[in-house]
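The values are calculated or read from the model by the stated rules, or taken from the named source; none is laboratory data. Predicted model, so just to flag it, every value in this text is computed and none were measured. Virtual Cβ from ideal backbone geometry, glycine too; neighbours counted across all protein chains shown. In case anyone asks, the SASA skips ligands and DNA or RNA and just uses the protein heavy atoms, side chains included. Shrake-Rupley method; radii C 1.70, N 1.55, O 1.52, S 1.80 Å.
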Amino acid sequence: MISAIRLALDPEEHLWLREILIGDFPSWKERVSDKLLLTLMADLIPAVCTEAMEVWYYRSSQIIPLHLILPYLRHEGKYVRETAIKTLMAAKQRVPIEPILRGIDEARHGQASGARAPQAPAQAGSGR
């Protein structure tokens, strides 16, 4: 597991491998730390960001960090915004509807504020 995390975090590693490894994180359940997911969400490569965000989708709706996902609705990447919407919709009733509707409208029209999502912590670990 540690080797997979290192490879997923390595910006020099092939993107395809990073995506595949992160895509397997839901099967690891709570062994993947929130800090690791936040670090990967802050990656400059949108595909890595979205793969990490999708891991939250498969977790309990009560633990999805709304305050950390909401800023991605304003990300310049359309696919990143769409993934944020999907992830927030998994949180069900906990999410205010206005940001989701605005994000859907912007994703449909290909608009964004151009704001980047917040940066995650510099280090990532594998435990909670």
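General observations
- With respect to (1) at pLDDT 90 or above; (2) crowded, with 21+ Cβ neighbours inside 10 Å, the lone exception for ALA47 is condition (2).
- Qualifying positions in the stretch 1-33 - more than 18 Å from PRO46 (Cα to Cα), open to solvent by 40 Å² or more (accessible area, probe 1.4 Å) and of a type in the set (A, V, I, L, M): MET1, ILE2
- Whenever a residue of the stretch 91-103 is modelled with pLDDT under 75, its partners that are outside any helix (DSSP H, G or I) and not acidic (Asp, Glu), lying with C-beta atoms within less than 9 angstrom and at least six residues away or across chains, give the pairs ARG94/ILE64; VAL95/ILE64.
- Subset of the stretch 54-84 [closer than 17 Å to ILE104 by Cβ and not in a helix (DSSP H, G or I)]: HIS75, GLU76, GLY77
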